[in-house]
Amino acid sequence: METGDPTLLDLDWARVLHDLIRIGLAMALALPIGWERGHGSRSVGLRTLPVVAMSACGFALIAASMPDASAETQARVLQGIITGIGFIGGGAIVQRGPDVRGLVTAASVWNAGAIGVAIAYSRLEIAIVLSVVNVVILLALTPLVENGKRGDDAEG
């Protein structure tokens, strides 16, 4: 092995800590959304949304730190993240007759991905706003929707 070849011990431990903090923030900001979505009979929740945020953050960190990565390359990675998360969210949507359930959960999955990407690109303020607004919407508006629909919540 040549002297310049990276090995496990040659890791940039400051960078590892930096990335660990970012991925931890992505998880922490998605956790309240996952907690709310995990209540009751929701199919996606406490574990899924933080993992979506962490993985989106990880992919975006990789894209942002690639040597000679152009804006076009990063855009393609972001496209892949958005598409993949849309696929995961699509799995939360269920149609039974005229009723469609899981749309808000699917949107929350997508939002968790956006939280992860925002953190990866050093936009903590965006990640915080996305997390807080998502939780507020879920906590404040869900009871209104449920009362208005009397159990026929098409958004759940």
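The values are calculated or read from the model by the stated rules, or taken from the named source; none is laboratory data. These numbers come from a predicted model, not from an experiment. Note that each Cβ is placed from the backbone with ideal geometry, even for glycine, and that neighbours are counted across all protein chains shown. When the accessible area is computed, the model is the full protein with side chains, heavy atoms only, and any ligands, DNA or RNA have been set aside. Shrake-Rupley method; radii C 1.70, N 1.55, O 1.52, S 1.80 Å.
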Inset, instruction - Kindly list, by first and then second residue, each pair from a residue in segment 53-77 that is closer than 27 Å to ILE33 by Cβ and modelled with pLDDT of 90 or more to a residue that is open to solvent by less than 50 Å² (accessible area, probe 1.4 Å) and acidic (Asp, Glu), limited to pairs with Cβ atoms under 6 Å and residues at least 6 apart or on different chains. - result: LEU61/ASP19
Legend entry - Residue check for SER131: in a helix (DSSP H, G or I), open to solvent by less than 20 Å² (accessible area, probe 1.4 Å) and closer than 14 Å to ALA26 by Cβ: yes
Legend entry - Which numbered condition LEU144 misses (of (1) open to solvent by 60 Å² or more (accessible area, probe 1.4 Å); (2) assigned to a helix (DSSP H, G or I); (3) at pLDDT 85 or above; (4) over 21 Å from ILE23 (Cα atoms)): (3)
Legend entry - Residues within segment 78-117 that are part of a loop (DSSP other than H, G, I, E, B) and either closer than 25 Å to ILE21 by Cβ or modelled with pLDDT of 95 or more (or both), tallied: 0
Legend entry - Lone unmet requirement of (1) open to solvent by 60 Å² or more (accessible area, probe 1.4 Å); (2) under 14 Å from LEU29 (Cα atoms); (3) part of a helix (DSSP H, G or I) for LEU46: (3)
Inset, instruction - Tell me which residues, restricted to segment 58-104, are touching a Gly at 6+ places or on another chain (Cβ under 7 Å) and open to solvent by less than 30 Å² (accessible area, probe 1.4 Å). - result: ALA60, ILE81, ILE85, ALA92, GLY102
Legend entry - Odd one out for MET27, checked against (1) without any contact (Cβ under 8 Å) to a residue 60 or more places away in the chain; (2) in contact with a Leu (Cβ under 8 Å, 6 or more places away or on another chain): (2)
Inset, instruction - Please name all residue pairs, on different chains or six or more residues apart, with Cβ atoms under 8 Å, provided the first residue is in segment 119-135 and is more than 17 Å from SER65 (Cα to Cα) and the second residue is crowded, with 17+ Cβ neighbours inside 10 Å and hydroxyl-bearing (Ser, Thr, Tyr). - result: ASN134/SER108
Legend entry - Only one of ARG22, ARG37, ARG15 that is closer than 19 Å to ILE137 by Cβ and among the charged types (D, E, K, R): ARG37
